[in-house]
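This report refers to the structure that appears directly beneath it.
The values are calculated or read from the model by the stated rules, or taken from the named source; none is laboratory data. These figures come from a predicted structure and were not determined experimentally. Cβ placement follows ideal geometry from the backbone for every residue including glycine, while neighbour counts extend to all protein chains displayed.
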């Protein structure tokens with residue numbers, strides 16, 4: 001019973017910490033974009049605008065909730081909730097040192113849960129019964145599924161390096177040398193695939209404002225929109241965490257690990273302020289004609305290397 005209570009408390013602390021991190025990530029994004037565009041960003045609410053995310057949350061949650069008359073109400077209502085739950089559920093596989101949550105197939109869990117969020121986006125766009133929502137969700141789903149393939153293949157190269165499905169094993173294997181030195185092209189490909197997977201600039205075709213009127217979430221307001229927004233930024237933070245774990249040294253007990261996490265998150269925001277939106281057909285060509293063959297070749301190479309080393313030690 002005490003163990004279960006401890007798991008519940010740890011999970012609660014983790015969720016609260018993630019939500020607070022998301023709140024301040026949005027503030028950091030607005031500040032970074034502000035300075036890129038030669039302006040201040042939020043600086044009025046509280047000291048240096050530190051309370052701005054909470055005032056935004058209160059403003060959004062107290063707004064009127066709209067329900068399109070022709071929408072499929074139950075699916076429309078629950079899709080953002082499930083989307084946020086999946087984004088928070090991802091954090092369970094973060095290798096914390098509590099005995100129950102540090103399970104042995106954490107990489108498999110990460111791939112399974114991250115691929116489930118595609119369905120919530122698809123159903124959210126379809127259930128709104130709006131042409132714009134449907135178009136946005138279709139583009140988003142096609143993009144996410146395409147990049148999931150290359151993301152999984154890139155990840156498999158890392159798995160062949162450590163010959164384990166546990167995220168925590170990355171700590172031991174990067175004690176002396178980080179994987180970014182050994183798998184540099186794959187690390188860059190992982191970063192770009194992560195950007196595409198989280199629907200961020202320059203791959204934010206689901207929310208291409210100029211042609212799609214905000215994409216799949218156009219019919220959502222108030223709480224539904226907040227949940228979609230929180231899920232997106234939760235995924236950004238988690239992908240930043242995975243980048244830090246995979247190729248920047250994975251020592252969770254070091255303060256520098258969390259600085260690296262902030263640095264990768266900053267890269268996500270920096271890209272948004274710098275790069276223009278990509279063309280959709282080029283995005284698909286990049287996934288299927290560039291990343292897929294390269295990731296497969298690297299996978300075969302690391303498979304043969306790990307097999308050779310394994311037989312050598314036997």
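Of all residues in the range 11-40, which are outside any helix (DSSP H, G or I) and without any contact (Cβ under 8 Å) to a residue 12 or more places away in the chain? Explain how you work it out, then say what you get.
Start the filter on the range 11-40 by keeping residues that are outside any helix (DSSP H, G or I), which leaves 37-40.
If the condition is that a residue be outside any helix (DSSP H, G or I) and without any contact (Cβ under 8 Å) to a residue 12 or more places away in the chain, then 38, 39, 40 are the ones that fit.
All conditions but one from (1) surrounded by 14 or more Cβ atoms within 10 Å (Cβ to Cβ); (2) at pLDDT below 85 apply to residue 104; the one that does not is (1). In contact (Cβ under 8 Å) with a residue 24 or more places away in the chain, assigned to a helix (DSSP H, G or I), at negative phi and over 26 Å from the mean Cα position of the chain (by Cα) - does that describe any residue in the range 43-58? Within the range 43-58, not a single residue is in contact (Cβ under 8 Å) with a residue 24 or more places away in the chain, assigned to a helix (DSSP H, G or I), at negative phi and over 26 Å from the mean Cα position of the chain (by Cα).
Among the conditions (1) in a helix (DSSP H, G or I); (2) closer than 19 Å to residue 223 by Cβ, the only one that residue 71 does not satisfy is (1).
Of all positions in the range 115-126, none carries a residue that is in a loop (DSSP other than H, G, I, E, B) and within 19 Å of the chain's Cα centre (by Cα).
Checking the condition crowded, with 18+ Cβ neighbours inside 10 Å, in contact (Cβ under 8 Å) with a residue 12 or more places away in the chain and within 30 Å of residue 61 (Cα to Cα), which residue from 273, 194 passes? Full working, then the answer.
On the way: 273 fails: crowded, with 18+ Cβ neighbours inside 10 Å.
Residue meeting the stated conditions: 194.
Could you please let me know if residue 63 is over 30 Å from residue 170 (Cα atoms), touching a residue at least 40 places away in the same chain (Cβ under 8 Å) and surrounded by fewer than 16 Cβ atoms within 10 Å (Cβ to Cβ)? Step through it out loud before you land on a result.
On the way: over 30 Å from residue 170 (Cα atoms): yes; touching a residue at least 40 places away in the same chain (Cβ under 8 Å): yes; surrounded by fewer than 16 Cβ atoms within 10 Å (Cβ to Cβ): yes.
Yes; evaluated as a whole, the condition is true for this residue.
Counting the residues of the range 109-133 that are surrounded by fewer than 22 Cβ atoms within 10 Å (Cβ to Cβ), touching a residue at least 12 places away in the same chain (Cβ under 8 Å) and either more than 17 Å from residue 195 (Cα to Cα) or in contact with a strand residue (DSSP E or B) (Cβ under 8 Å, 6 or more places away or on another chain) (or both) gives 9.
With the structure loaded, tell me whether residue 63 is at pLDDT 85 or above, more than 30 Å from residue 123 (Cα to Cα) and assigned to a loop (DSSP other than H, G, I, E, B) or whether it fails that test. Write out each step before concluding.
Numbers: at pLDDT 85 or above: yes; more than 30 Å from residue 123 (Cα to Cα): no; assigned to a loop (DSSP other than H, G, I, E, B): yes.
Criteria not met by residue 63.
Here residue 284 fulfils each of the conditions (1) under 26 Å from residue 205 (Cα atoms); (2) crowded, with 20+ Cβ neighbours inside 10 Å; (3) in contact with a helix residue (DSSP H, G or I) (Cβ under 7 Å, 6 or more places away or on another chain) apart from (2). Could you look through the range 136-152, keep only residues that are surrounded by fewer than 20 Cβ atoms within 10 Å (Cβ to Cβ) and touching a residue at least 24 places away in the same chain (Cβ under 8 Å), and pick out the one that is nearest to residue 299 (Cα to Cα)? Top of the filtered list is 152.
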